[in-house]
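Read the structure below first, then the notes.
The values are calculated or read from the model by the stated rules, or taken from the named source; none is laboratory data. Predicted, not measured: the structure shown is a model, and the values here were computed from it. Here Cβ is always computed from backbone atoms with ideal geometry, including for glycine, and neighbour counts include all displayed protein chains. What goes into the accessible areas is simple: the full protein's heavy atoms, side chains included, and nothing from ligands, DNA or RNA. Shrake-Rupley method; radii C 1.70, N 1.55, O 1.52, S 1.80 Å.
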Amino acid sequence: MQIYLPIAEVSVNAFTLIGLGGLVGLMSGLFGVGGGFLITPLLFFIGIPPPIAVATGANQVVASSVSGVLAHVKRKSVDFRMGGVLLVGGLIGSFLGVIVFNILQSLGQIDLVVQLCYVVFLGLIGLMMLQESIRTMRRSKNPTYRKRLHQHNWVHKWPLKMKFRASGLYISIFPPLLVGVAVGVLAAIMGVGGGFIMVPAMIYLLGMPTKVVVGTSLFQITFVTAFTTLMHAVSYNTVDVMLAVLLIIGGVVGAQIGTQLGAKLRAEQLRILLALLVLLVCGKLALDLFLTPDDLYEITAGVK
């Protein structure tokens, strides 16, 4: 069933959009990521202009994250204090990111910058997560390996410490604040929730236990992407409501299914699956950037 998207100015199949939303919602509930790193490139692939894909994709991330975080709240696997610190940083970063996005769009470089950002960040994060997950699985099979419960690194030396009871941490507020800022900037420029950056950072940098990482990540993503969507809509009118509604319908259902599946898998298995998915999307985007397209020139309508 073909429908016309008024803001994107293209016709697409409605069931394809619902299916994409469901797939990304599944990833949201399963891995604790908003799914923007997946939905935005997929929208590129079906012909949605990058500025519209970035801004509207954030809508779907909000819906999937809300659905997922509600399920985690019921399981009491959300650290609200840590989420609040991440959120403050995220709102600051999102505001700065929208300003950068608008500057790049006025220069006509936003398409290239967004795709390059995806290739670089997805490649780095995917490789790091895959390496760490494989190492963790090998250690778990070694009976002589004993993991230290409280490993201290440079994060624990920063001032202004706060106790995060749900995570069992006593660390400075600056590392999670900076993680939140970075995620907020990415949310604005790349149309992502930032979970693919935040989840590894929460586990490997902040030292949070995996059981609360997913729910806390979704809590922060919900508010940051909602703020990002509002900023994009007000600044450049790049949010296509029809596109967003179809993605949200699939996303809400998919997130509930993903949450149920996530409870049945081990943490190491979840990390490896997420790493492979990130690398797969990265590879596809890299091919699109470096291979010669069929049409060297294309005339498209500008975003007003």
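Below is a table of values for the structure above.
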item: Solvent exposure, largest accessible area first (probe 1.4 Å, DNA, RNA and ligands not counted), of Thr210, Thr259; result: Thr210, Thr259
item: Neighbourhood net charge (14 Å Cβ-Cβ; Lys/Arg +1, Asp/Glu -1) for Met208; result: +4
item: Ala14-Asn237 FRET efficiency (beta carbon distance; Förster radius 22 Å; 0.05 resolution); result: 0.45
item: Heavy-atom accessible area order for Phe95, Phe227, Phe37, largest first, 1.4 Å probe; result: Phe95, Phe227, Phe37
item: Per-residue SASA entry for Val179, accessible area with 1.4 Å probe, Å² rounded to 10; result: 20
item: Percentage of interatomic Cα-Cα distances in the range 42-112 larger than 19 Å; result: 53
item: Calculated FRET value between Thr210 and Phe174, using beta carbons and R₀ = 30 Å, to 0.05; result: 0.85
item: Projected-area average for the range 205-258 over all orientations - Cα convex hull basis, square nanometres; result: 5.1
item: Protein-only accessible surface order, largest first, of Ile3, Ile257, Ile48 at 1.4 Å; result: Ile257, Ile3, Ile48
item: Distance between the range 210-259 and the range 159-190 - C-alpha centres, whole angstrom; result: 20
